[in-house]
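Written out below as structure tokens is the structure these notes cover.
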Amino acid sequence: MKTVKRRHWVFIHLLCFLVGGLVDSSTLSSAKHFLSITSTVGDQVVLPCSWKSRLGEVVPSACHVQWTTLADTVFEQWGAQKWQVETFRGRAEVPEEKLGAGDCSLIISDVQIGDTGRYESFMVVDGARSKKTRVFIQSVKLSVFDHKTRQSLGPGEDLVLNLHTIHSVRVVFLGSNSSEWSLVWMRGDENTERLEKHPLKEQLTIKNLKSSDGGTYKVLDEQGLAVSTVLLSVEEGSTALYRVLDKETVAGDAAKSSCSALLILSVLVTSFQIPHLL
């Protein structure tokens with residue numbers, strides 16, 4: 001009898017663990033108006049927010065909105081007065097003309113990997129005894145991905161590396177037969193015979209490729225985070241090939257993991273039921 005009870009408890013714990021791993025956090029947070037937004041480095045992203053969904057049609061005397069992360073307040077606007085944390089300086093805004101109409105969405109320009117995280121918006125309104133109170137409006141999870149591409153070029157051709165953002169500060173390289181990364185370029189470097197930074201665009205050109213230039217190139221930002229990764233092969237007779245390795249690959253892997261977990265779950269349920277059928 002004790003053995004059967006232990007089996008029951010083992011099964012229940014395994015079941016809870018697997019089900020917990022399959023439940024998406026966005027589903028658990030749906031009660032708090034949880035949204036999930038994805039973007040890539042250098043793009044503009046909008047974190048949706050509508051204060052009318054919480055405050056109704058009554059317009060506050062002065063629209064006062066706050067956007068926070070788990071660590072700090074990143075943006076605040078009260079009428080024409082605006083404040084933003086240093087890392088968002090010049091990149092974040094809530095259009096004043098839209099705020100009064102109920103749209104408190106936060107627009108982030110030139111989005112960075114470091115912007116990844118959970119954001120929450122609040123409206124500051126008059127409360128009891130003339131005290132200010134914060135009303136929760138929206139929770140948004142922002143995921144920012146780096147760019148991934150695979151290119152195939154022939155000797156003598158040029159590789160154009162997109163830097164994507166002014167926050168890209170250096171490019172490093174790992175040769176196909178090497179185990180150490182080497183520095184290729186840093187922002188502020190003078191152009192050379194083989195390396196040329198476009199005067200206006202965020203692009204770096206590596207000219208007259210050689211077979212030894214084949215390998216992995218990474219564009220890094222100030223924090224050393226990858227802005228983009230380029231896998232380059234340089235071979236004789238190679239025709240130009242450019243392939244974007246997008247987030248679908250990652251999503252596919254996640255789906256496979258979920259299917260595997262479901263398969264294990266079904267096997268456990270079946271194995272648990274079989275003894276009762278015998």
Just for the Cα atoms in region 89-214, what are the lengths along the principal axes, largest first, rounded to whole Å?
74, 31, 23
What figure in square angstrom, to the nearest 10, would you give for the accessible area of residue 83 with a 1.4 Å probe?
110
Along the charge dipole of region 137-180, pointing to its positive end and built from +1/-1 on Cβ of Lys, Arg, Asp and Glu, which listed residue (165, 177, 154) has its Cα farthest out?
165
What does the accessible area of residue 187 come to, in Å² to the nearest 10, when a probe of 1.4 Å is used?
90
Exposure of residue 103 as accessible area (Å², to 10), given a probe of 1.4 Å and all protein chains
50
Can you list residues from other chains, or at least 5 along the same chain, whose modelled amide H is less than 5 Å from the amide H of residue 119?
140, 141, 142
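By how many nm would the segment from residue 207 to residue 195 lengthen if fully extended, with 0.36 nm per residue of separation less the alpha-carbon distance?
3.7 nm
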Gain on full stretching of the segment that runs from residue 43 to residue 145 - 0.36 nm per residue minus C-alpha separation:
35.7 nm
Residue-span extension gain [residue 82 to residue 157] - 0.36 nm each, minus C-alpha spacing:
22.1 nm
Label-point separation (nm) for residue 136 and residue 53, each offset 7 Å from Cα along Cα-to-Cβ?
1.3
Convert each backbone phi in region 166-176 into a coupling constant with the Karplus relation 6.51 cos²θ - 1.76 cosθ + 1.60 (shift: θ = phi - 60°), then list the ³J(HN,Hα) values in order as whole Hz, x for Gly and Pro.
5, 7, 6, 10, 7, 10, 10, 9, 10, x, 4
Distant-in-sequence amide H partners of residue 157 (H built 1.01 Å from N, under 5 Å):
209
Just how far, in whole angstrom, is region 78-126 from region 168-204 if you go by their alpha carbon centroids?
34
By accessible area of protein heavy atoms, probe 1.4 Å, what ranking do 190, 86 get, highest first?
190, 86
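The values are calculated or read from the model by the stated rules, or taken from the named source; none is laboratory data. Everything numeric in this text was worked out from a predicted model, so none of it was measured. Cβ sites come from the backbone with ideal geometry, for glycine too, and all protein chains shown count toward neighbours. In case anyone asks, the SASA skips ligands and DNA or RNA and just uses the protein heavy atoms, side chains included. Shrake-Rupley method; radii C 1.70, N 1.55, O 1.52, S 1.80 Å.
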